[in-house]
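Shown next, in structure tokens, is the structure this report addresses.
The values are calculated or read from the model by the stated rules, or taken from the named source; none is laboratory data. Predicted model only: the values in this text are computed from it and were never measured. Glycine gets a Cβ as well: all are built from the backbone with ideal geometry, and neighbour counts include every protein chain shown. These area figures cover heavy atoms from the full protein model, side chains too; ligands, DNA and RNA do not enter into them. Shrake-Rupley method; radii C 1.70, N 1.55, O 1.52, S 1.80 Å.
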Amino acid sequence: MKEAGVKAWLPSLLRLALVVLLIAFVTNPGWFEPLLKPLTESNAPAIYNQGSLLTLTLLHLRTVLIATVAATIVAVALAILVTRPAGVEFLPLSRSLVNIGQTFPPVAVLALAVPAVGFGEKPTLIALFLYGLLPIFENALTGLTTLPANVVEAARGAGMTGWQRLVKVELPLSAPIILGGIRLSVVISLATATIGSTVAARTLGEVIIAGLLSNNLAFVLQGGLIVAALAVLIYDGLSTIERYTARRMGQETA
Amino acid sequence: MIEIEGISKRYDATTVVDDVSMVIEPRTIAVIVGTSGSGKTTLLRMINRLVEPTAGVIRLDGADNRSLPGYELRRSIGYAIQGHGLFPHRTVAQNIATVPVLLGWDAARIKRRVDELMTLYQLDPQAFGPRYPHELSGGQQQRVGVARALAAEPNVLLMDEPFGALDPIIRNKAQEDLLAIQKRFGTTIILVTHDMEEAVHMGDKIAVMDAGKLVQYARPAEILAKPASAFVETLVGASEKPFRLLSLGRVRDAVETGAAEGEAIPADTSQRDALAELLWSGRPALPVTGADGKPLGRVTVDGLVKRAARPT
Amino acid sequence: MTTRFDKLGVVIAAIVAYAAFAAPFATLRANRIVPGEARSILEALPPTLGPLLLAVVVVAAVVALLKTPLILRLAASVVALAALALLIGVAGGFLTPEGNSFARISPASGFWLLIFAFTLLLADGLTRLNLSPSARIAVLVVTAAAIGMLLVSGSWNSLSILKEYANRADSFWAEGSKHVTLALGSLAAAVIAGLPLGILCHRVEKLRAGVLNVLNIIQTIPSIALFGLLIAPLGWVATHVPGAASLGVRGIGTAPAFVALFLYSLLPVVANTVVGLAGVPRAANDAARGMGMTERQRLFSVEFPLAFPVILTGIRIVLVQNIGLATIAALIGGGGFGVFVFQGVGQTAMDLVLLGAVPTVALAFAAAIILDAVIEMTSTRRREAQPA
């Protein structure tokens, strides 16, 4: 029993340690300078000095958040639309469009957005939004089309209107699957936002790219570590929420 | 009273339900029996308009069931299905409260009703109310499914293979519970099943359907004694007939005067179970006792065998 | 249900109306960097061809708008797409001033929207046609051949993207082969390492959760971060392990890109191998064991063939993902089509971006269609062989 207790607590402890480390790093990077110093050559700075890591982290997260919220709203709305009787004509097409869309590399979407809206945060947001739509739409579609038939039948039989069925039964039931889509979307967005700094968006990619350009491994490493830690933590957090909602309904978790 | 008049349902070229007419008396249980694909479920679903008929009329207490929007009609009719269809994201109490909430009952009235139904179904409201469906056993889930269907005090309850997913022992208990509750509330029940045993046991009247048509609609004893067609005959099962017939009656109605040795049989046991008990014990007769434990007389193998013969 | 309009057709017709009449068809720029001037269809084409193109797109849009037979809709979309493809080249020649080699003509938003609208119509038609896998590959081959012929014939040569290509034809093919090598090579390595790992995870339950979790975490790390994180260890290997540097192991360049793509590829391969093997019917395994097959025989003649479609699905995910991710390798000197994308972004030369992005998308798209078709072929054959 004791061993099981330690095993159960270990992941939470690791998570907590990672969060503390991450916060310490972005707020007080100076503390970690001695660790990174050996990676620099000819007395280059060991800590990124063209902007605060904290600001870049927050900007990075803000970009991802805005894009994900917009993508979630649009993707779920579209998935609802094509699963209602009025929009069912679009269902097969929307499926193939998602398949096609997924073959577009995020970098290509990012680069192609530049001619349309110019440099800066905008093309990054557009790329994040467009690319983030796909996994959410796909999962929402899966969720809404694979509801247990007898539950939907029971909802109809109880006299729920179409809207009531959607809000009270169909959406809550597909929530875990939709959350899974959001999780995938966020992870892709975190990565794409990093590349966004090549089109002049202010994100953590700036640190990595500055390191690559000036051959400063310390920059590359600190940028990479922060982004990686953010991605792992957010992925993990969203998985936990997903598992919780699924378990409450007695669903198997993938 | 439910009047079904010339109801048909066609999908393109196939006729699923073909010109069915029947009347279900209030406060009775009508069981619709048939093989799969006989149209029995479609017929049931046309009563609460989950399926819209192609032709014909269904009247509930004289009113055409199309005089209300479908969803309002369905709120006034109980509906329980196989595999219960409980909402997995809502607690047991919230599940039972579904239709009352849709109807806009006030919170106190909903709580009262939910507690009443849960107590009736031997589920402690304190313990089970806040649980989620997947935390219950199959039998408990089924009971919650029926409680949900009865929550808004409907006069009519439609049931589609409600006991189909239960194992035999729990199924018997669920059937007895339903009979007791039907007596208590006086609900009119229409129950769809493929199990003739269940039909004979539960139904005041049995409707046999085959290939969309209503083949016979009669009391169980009549269905057993005078099957209207070869199909009904097969469905009834030739070798089972005498035992099914016996299962309709209670020992109380087969009591003969006199005494007998052995363990007494309660008067409300079915005659079929009594015969089984007699054969197993190897005695020609056993004593019968009433609900109060007083001896009423005896029941004999010979007497029961006579009752099992084709009625004339 | 009395409307005679097709719902999708309404959307397509609206896009076409805007794109053909209100949006620019082509852009003319004095050189490759300055902003351009918009030209509508009538301005961009010779006096006979302009109205002809308008007529073609309008008729095709009407076909889409009304409830028309499927075959007519497909024909309309193909004709409209072909006309657009041919005439954008004509517009290039028509708009380029005589003897001016600096001027750049590129397709503008109207052109792209028209292409989008009719591709939508085509995609809808093809979806409803429910083509067999081999027919889908045939459509892909025919389309590729048609585009190839247009490229070889030189009818697009006056368009800016091909001028960019002409300026760097050699490096285009060099980067292209690097891109494909990177994507396919890392996939091959991942299959060679991932299959045994997957089989091991299937057999040894204790390993499964741990291995899959670690691979999952790796997948979560953004590509550029992973590239960066690999620079340090690989640089260390290059300087400290004798012979490593001569093998091409280096902190910067192809090596970290290859390793990163390999690591990303492992999860789908391993996970799908595990899922595929777990999905092998118990009865089939029992029967195999009952007939006296050894572990190895069972693996190769029962489990593996049955799990194959699922494993193939993992490979499809990896291939499409790698073709996209290989673009980012350019940032750490790994080469590939990304070189043009990032050069183009750096020089604000969008034609150069397109030169990198379009072949990447085309490759990924073709890979997805081919592998989807192969997966469907292998799994349907299996289904026919043993009815469920």
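List of remarks:
- If you go through the stretch B:115-148 and keep only what is free of Cβ contacts under 8 Å to residues at least 40 places away in the same chain, part of a helix (DSSP H, G or I) and either in contact with a helix residue (DSSP H, G or I) (Cβ under 8 Å, 6 or more places away or on another chain) or not assigned by the TED database to the domain that holds B:K173 (or both), you end up with B:D115, B:L117, B:M118, B:T119, B:P125, B:F128, B:G138, B:G139, B:Q140, B:R143.
Per-residue answers, yes or no, for (1) open to solvent by less than 20 Å² (accessible area, probe 1.4 Å); (2) within 24 Å of A:A155 (Cα to Cα); (3) in the same structural domain as B:A180 (by the TED database):
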position: B:T14; (1), (2), (3): no, no, yes
position: B:I24; (1), (2), (3): yes, no, yes
position: B:G34; (1), (2), (3): yes, no, yes
position: B:S38; (1), (2), (3): yes, no, yes
position: B:T41; (1), (2), (3): no, yes, yes
position: B:P53; (1), (2), (3): no, yes, yes
position: B:L68; (1), (2), (3): no, yes, yes
position: B:I77; (1), (2), (3): yes, yes, yes
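Per-residue answers, yes or no, for (1) away from chain B (no Cβ under 14 Å); (2) open to solvent by 40 Å² or more (accessible area, probe 1.4 Å); (3) in a helix (DSSP H, G or I); (4) in contact with a helix residue (DSSP H, G or I) (Cβ under 6 Å, 6 or more places away or on another chain):
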| position | (1), (2), (3), (4) |
| --- | --- |
| A:N215 | yes, yes, no, no |
| A:A218 | yes, no, yes, yes |
| A:Q222 | yes, no, yes, no |
| A:L225 | yes, yes, yes, no |
| A:A229 | yes, no, yes, yes |
| A:Y235 | yes, yes, yes, yes |
| A:L238 | yes, no, yes, yes |
| A:R243 | yes, yes, yes, no |
| A:R247 | no, yes, yes, no |
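- Picking from residues in the stretch C:1-56 that are of a type in the set (G, A, S) and in contact with a helix residue (DSSP H, G or I) (Cβ under 6 Å, 6 or more places away or on another chain), the one that is modelled with the lowest pLDDT is C:A44.
- B:T98 vs. criteria among the hydroxyl-bearing types (S, T, Y), open to solvent by less than 20 Å² (accessible area, probe 1.4 Å) and either within 12 Å of chain A (Cβ to nearest Cβ) or farther than 17 Å from A:E153 by Cα (or both): yes
- Subset of the stretch A:115-156 [within 14 Å of chain B (Cβ to nearest Cβ), assigned to a helix (DSSP H, G or I) and open to solvent by 20 Å² or more (accessible area, probe 1.4 Å)]: A:A149, A:N150, A:V152, A:E153, A:R156
- Neighbours by Cβ (under 6 Å, 6+ apart or cross-chain): first from the stretch B:1-26, assigned to a strand (DSSP E or B); second among the hydroxyl-bearing types (S, T, Y) and crowded, with 17+ Cβ neighbours inside 10 Å: B:K9/B:T42; B:V16/B:T42; B:V17/B:S8; B:V17/B:T42; B:D18/B:S8; B:D19/B:S8; B:M22/B:Y217
- Subset of the stretch B:192-223 that is small (G, A, S) and not in a strand (DSSP E or B) - its residue that is most open to solvent (accessible area, probe 1.4 Å): B:A211
- Matching residues, the stretch A:71-93, being in a helix (DSSP H, G or I) and open to solvent by 40 Å² or more (accessible area, probe 1.4 Å): A:I73, A:V74, A:A77, A:L78, A:L81, A:P85, A:A86, A:V88, A:E89, A:F90, A:P92
The rows are residues; the columns are (1) within 14 Å of chain A (Cβ to nearest Cβ); (2) buried (at least 18 other Cβ atoms within 10 Å of the Cβ); (3) within 30 Å of the chain's Cα centre (by Cα); (4) free of Cβ contacts under 8 Å to residues at least 40 places away in the same chain.
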site	(1), (2), (3), (4)
C:P46	no, no, no, no
C:G50	no, yes, no, yes
C:V79	no, no, yes, yes
C:G93	no, no, yes, no
C:S134	no, no, yes, no
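- Scope the stretch B:102-114; condition assigned to a helix (DSSP H, G or I) and either in contact (Cβ under 8 Å) with a residue 40 or more places away in the chain or buried (at least 17 other Cβ atoms within 10 Å of the Cβ) (or both); matching residues: B:L102, B:L103, B:I110, B:R113, B:V114
- Restricting the stretch B:233-248 to residues that are at pLDDT 80 or above and hydroxyl-bearing (S, T, Y), the residue that is farthest from B:V305 (Cα to Cα): B:T234
- If you go through the stretch A:126-137 and keep only what is touching a Gly at 6+ places or on another chain (Cβ under 7 Å) and at pLDDT below 90, you end up with A:L134, A:P135.
- Residues satisfying the stated conditions in the stretch A:199-208, i.e. more than 17 Å from A:A67 (Cβ to Cβ), of a type outside the set (D, E, K, R) and open to solvent by 30 Å² or more (accessible area, probe 1.4 Å): none
- Of the residues making up the stretch A:94-103, those that are within 8 Å of another protein chain (Cβ to nearest Cβ), open to solvent by less than 70 Å² (accessible area, probe 1.4 Å) and more than 17 Å from the chain's Cα centre (by Cα) are A:S96, A:L97, A:I100, A:T103.
- Taking helices (runs of 4 or more DSSP H) as the structural unit, those lying wholly within the stretch C:260-367 and holding at least 1 residues that are polar (S, T, N, Q) and more than 25 Å from the chain's Cα centre (by Cα) correspond to C:282-290, C:295-298.
- Pairs linking a residue in the stretch A:96-121 that is acidic (D, E) to a residue that is at pLDDT 80 or above and open to solvent by less than 10 Å² (accessible area, probe 1.4 Å), with Cβ atoms under 6 Å and 6 or more positions apart or on different chains, are A:E121/A:A201.
- Residue check for A:A46: crowded, with 16+ Cβ neighbours inside 10 Å, within 12 Å of another protein chain (Cβ to nearest Cβ) and in contact with a helix residue (DSSP H, G or I) (Cβ under 9 Å, 6 or more places away or on another chain): no
- Considering residues of the stretch B:243-269 that are part of a helix (DSSP H, G or I) and farther than 15 Å from B:G290 by Cα only, the residue least open to solvent (accessible area, probe 1.4 Å): B:L246
- Any hit, the stretch A:120-142, residues being more than 18 Å from the chain's Cα centre (by Cα), within 30 Å of B:R75 (Cα to Cα) and among the aliphatic types (A, V, I, L, M): yes
- Residue, surrounded by the fewest Cβ atoms within 10 Å (Cβ to Cβ), within the stretch C:212-243, restricted to residues that are small (G, A, S) and more than 9 Å from every other protein chain (Cβ to nearest Cβ): C:G243
- Within the stretch B:146-181, the set of residues being away from every other protein chain (no Cβ under 14 Å) and open to solvent by less than 20 Å² (accessible area, probe 1.4 Å) comprises B:F163, B:L166, B:A174, B:Q175, B:L178, B:I181.
- Residue within the stretch A:237-247 that is of a type outside the set (V, I, T) and farther than 30 Å from A:L171 by Cβ present: no
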